Amino acid sequence: MRAPLFWLTAVLLPFYVYCIVSQFNMLHPDTEYPDGTVALGLNMESLRMGAYYAMWTALVWVLLFIWLDRFRPQRPLVWLLTFLWGACASTWISIHVNSWAGEAMNTTSANADTGTRAAIFIAPFAEEASKATVLFLLIILFRTGIVSRLSIVTLAGLSAIGFAFVENIIYYARAFVYATNTIDIEDPVAEMVQLVKLRGIYTSFGHPLFTMMTALGLAIALGARSKIVRVVAPLAGFVVGAGGHMLFNGVASSGGAADLRPQWFMSLGLVAMLVIMLVFTVVAQARLIRRRLGDYRRVGWLTDRDPIIFSSPFKRTKLHVASLLRGPRRTWWPTAKFMRRITELAYVREGMTRGTIGDGGDDRAKEILLELEELRPSALTETVGLKLLPPRRRKRLASAPPPQSPGPSGLGGNWPAP
């Protein structure tokens, strides 16, 4: 009852349900504009088909971001709440803000050309702000649990993927409804698949890319000692992300698929740069963990192999797989907990050396060291000679003979015991 995560879940889950129901009630019925045009509502068949096609893009990106957050992984419940924030709360906020902006800009008809102004000048700022709100909320409530850049990038990516998931459902459903009510289109499913290829494959990196800009600004702020940097870095990241989103929407709204080629190649270049940066970040995090765990090894609180094993992503993966095959409860859980605690120990030490963690870091480090000693006997902590599959127990070739006792008086030999 004292855990902040419990109360956060109790508050957010009903809010998420309200947001989804509110959006459904807004998009399901037909909408008539003042000029007499009518926008068809989204029926259940179109929503089901849109959810089916949007699901695969979301699944691939979610697995990718969860894999990225492997040094200091968050709890699965935190991952779920972050994804649902983007899918429910962020889309609900954005759809109301964008609708209000469209009315303020006199976009009062169903003609798509009149809605480009809101899509270019309002939507990027509203969407990026709503997606990044959950990052600030989690950092305020769980400051000690979010310690690495990879964790912040993962949470930002999950929020963005949740937003893109619901947004793709709406776009796919609209395309299907329009195709089924237009006599010139023979195959509505094929028409929707064309949009799936564009949004779900070719430009699926858009929302994660822009939200990760804000996340990188937050990561820089958390590791800085200067108060000015802590304020300016998140704002700068948000401005860069919203600006990129604005450029993306502007080019997409001004032409057809052929005009998207320069933008697509430019975005791929940005994605390639971001991937390279994340690879170097993983290498830097591994070196940081080895360096800070080495401080405790030199004073004898850790073994000589601990900094080497738990700073290597490959050795950590091997320990995870081997412990899972030996039993989720008996071996894997102590091993996973040991990894989380020893990684936290490294980041606590890093914060103390950088001056971002006060004297309380010593007390927390002592608690972690004591917990590591309790977990070490039941956890896997060595990879040399470790087999992924547990050794098989030798099968008994023959059952043990029953116990024997002397026979009755006057008879020789042994008889089975009663």
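The values are calculated or read from the model by the stated rules, or taken from the named source; none is laboratory data. Values in this document were obtained by computation on a predicted structure and should not be read as measured data. Every residue, glycine among them, receives a Cβ derived from its backbone with ideal geometry; neighbour counts consider all protein chains shown. Surface areas here come from the heavy atoms of the whole protein model, side chains and all, with no ligands, DNA or RNA. Shrake-Rupley method; radii C 1.70, N 1.55, O 1.52, S 1.80 Å.
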Q. Hey, what do the phi angles of the stretch 287-300 turn into as Karplus ³J(HN,Hα) couplings, whole Hz, using 6.51/-1.76/1.60 and θ = phi - 60°, x for Gly and Pro?
A. 5, 4, 5, 5, 5, 6, 5, x, 4, 6, 5, 5, 9, x
Q) When we measure straight from the Cα of LYS315, which lysines land under 29 angstrom away, once same-chain ones fewer than 8 places off are left out? A) LYS337, LYS366, LYS387
Q | Accessible surface ranking that places the most exposed of GLU344, GLU45 first, with a 1.4 angstrom probe | A | GLU45, GLU344
Q: Could you pull out every residue, at least 5 positions away or on a different chain, whose amide H is within less than 5 Å of the one on LEU380? Hs are placed 1.01 Å off N in the peptide plane, and Pro or chain starts have none.
A: THR335
Q) Farthest toward the dipole's positive end in the stretch 284-396, which of PRO328, PRO313, THR381, given Cβ charges of +1 (Lys, Arg) and -1 (Asp, Glu) about the Cα centre? A) PRO328
Q: Step through the residues of the stretch 186-197 one at a time and calculate ³J(HN,Hα) from phi using the Karplus curve (6.51 cos²θ - 1.76 cosθ + 1.60, θ = phi - 60°), rounding each to whole Hz and writing x for Gly and Pro.
A: 7, 10, x, 5, 5, 5, 6, 4, 4, 5, 4, 5
**Q.** TRP92 accessible area, 1.4 Å probe, all protein chains in place, Å² to nearest 10
**A.** 50
Q. Tell me, what ³J(HN,Hα) does each residue in the stretch 134-143 have, in order and in whole Hz, if you take phi through Karplus 6.51 cos²θ - 1.76 cosθ + 1.60 with θ = phi - 60° and put x for Gly and Pro?
A. 5, 5, 5, 5, 5, 5, 5, 7, 10, 4
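Sort 378-387, 312-321, 166-175 for me by packing, meaning the mean count of neighbouring Cβ atoms within 10 Å per residue, highest on top. Before the final figure, lay out the partial values.
Working: 378-387: 13.9, 312-321: 16.0, 166-175: 22.0.
Top of the packing list down: 166-175, 312-321, 378-387.
Quick one: net charge of GLY145's neighbours, Cβ under 9 Å, K/R +1, D/E -1?
Working: positive: ARG72, ARG75, ARG143; negative: GLU344.
Once all neighbours under 9 Å are counted, the net charge is +2.
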